[in-house]
Amino acid sequence: MNSLQAIAVKSLARLFFRYYPKNADDMVRHCRRSFDHLPVPNLLPADVKAESFMFRKQGRSLRGEFLKVDRPDYYILYLHGGAYVAGREATYLNMVGKICSDILANAWLLDYRLAPEHRYPAALDDAYTTYLYMIDAGLATDKIIV
């Protein structure tokens, strides 16, 4: 028997893949409606704390969600799904929180710039800038997971 979560994902996938966009802009709007409004509970494990972050580096302000555990062994730079045109970091708090709890890691869930408003390589630049920020904060590169 399928779980309620599997049934919900399957139903959403059917809605998404039956859609035939009129043009590229219409497809972007549809992807954002589909990804940005998923009913995902933000239930973090008890040992994981969440807080928003924002920093300025190289003249750019970057923000997102920071997940923290006590005595982390690793540090995750998590780039959410959505093909760089849709999605938001808050959708993945629950899943990344479980990963953080399991492997004892802190995680930065970056709210990177999305296409087509921001052309390539904007999202990649945001990810790289956040990676540099992590290194500047004293994190060892062999402990960072992207």
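Scan the stretch 108-129 for residues that are over 15 Å from Gly82 (Cα atoms) and in contact with a Gly (Cβ under 8 Å, 6 or more places away or on another chain) and the total you get is 1.
Can you find even one residue in the stretch 37-51 that is of a type in the set (Lys, Arg) and at pLDDT below 95?
Just the residues of the stretch 37-51 that are of a type in the set (Lys, Arg), to begin with: 49.
Still in the running and at pLDDT below 95: none.
No, the stretch 37-51 contains no residue that is of a type in the set (Lys, Arg) and at pLDDT below 95.
Each residue in the stretch 114-146 was checked for being farther than 14 Å from Lys57 by Cβ, in contact with a strand residue (DSSP E or B) (Cβ under 9 Å, 6 or more places away or on another chain) and open to solvent by 60 Å² or more (accessible area, probe 1.4 Å), and 3 pass. Can Lys68 be described as touching a residue at least 60 places away in the same chain (Cβ under 8 Å) and in contact with an Asp or Glu (Cβ under 9 Å, 6 or more places away or on another chain)? No, not satisfied.
Taking the stretch 82-108 on its own, how many of its residues are out of contact with any Ser or Thr (no Cβ under 8 Å at 6 or more places or on another chain) and farther than 12 Å from Val48 by Cβ? Break it down stepwise before answering.
Going through the stretch 82-108, the residues out of contact with any Ser or Thr (no Cβ under 8 Å at 6 or more places or on another chain) turn out to be 82-85, 87-107.
When the remaining residues are screened for being farther than 12 Å from Val48 by Cβ, the result is 82-85, 87-92.
Residues meeting the conditions: 10.
The condition (being modelled with pLDDT of 95 or more and on the phi > 0 side of the Ramachandran plot) is satisfied by just one residue among Leu104, Leu77: Leu104. Select from the stretch 67-100 the residues that are open to solvent by 30 Å² or more (accessible area, probe 1.4 Å) and part of a strand (DSSP E or B) and write down the one among them that is farthest from Asp125 (Cα to Cα). Among those that are open to solvent by 30 Å² or more (accessible area, probe 1.4 Å) and part of a strand (DSSP E or B), it is Lys68.
The values are calculated or read from the model by the stated rules, or taken from the named source; none is laboratory data. None of the values given here were measured: they were computed from a predicted structure. Neighbour counts run over all protein chains shown; Cβ positions are idealised from the backbone, glycine included. To get the accessible areas, we keep the full protein, side chains included, count just its heavy atoms, and leave off ligands, DNA and RNA. Shrake-Rupley method; radii C 1.70, N 1.55, O 1.52, S 1.80 Å.
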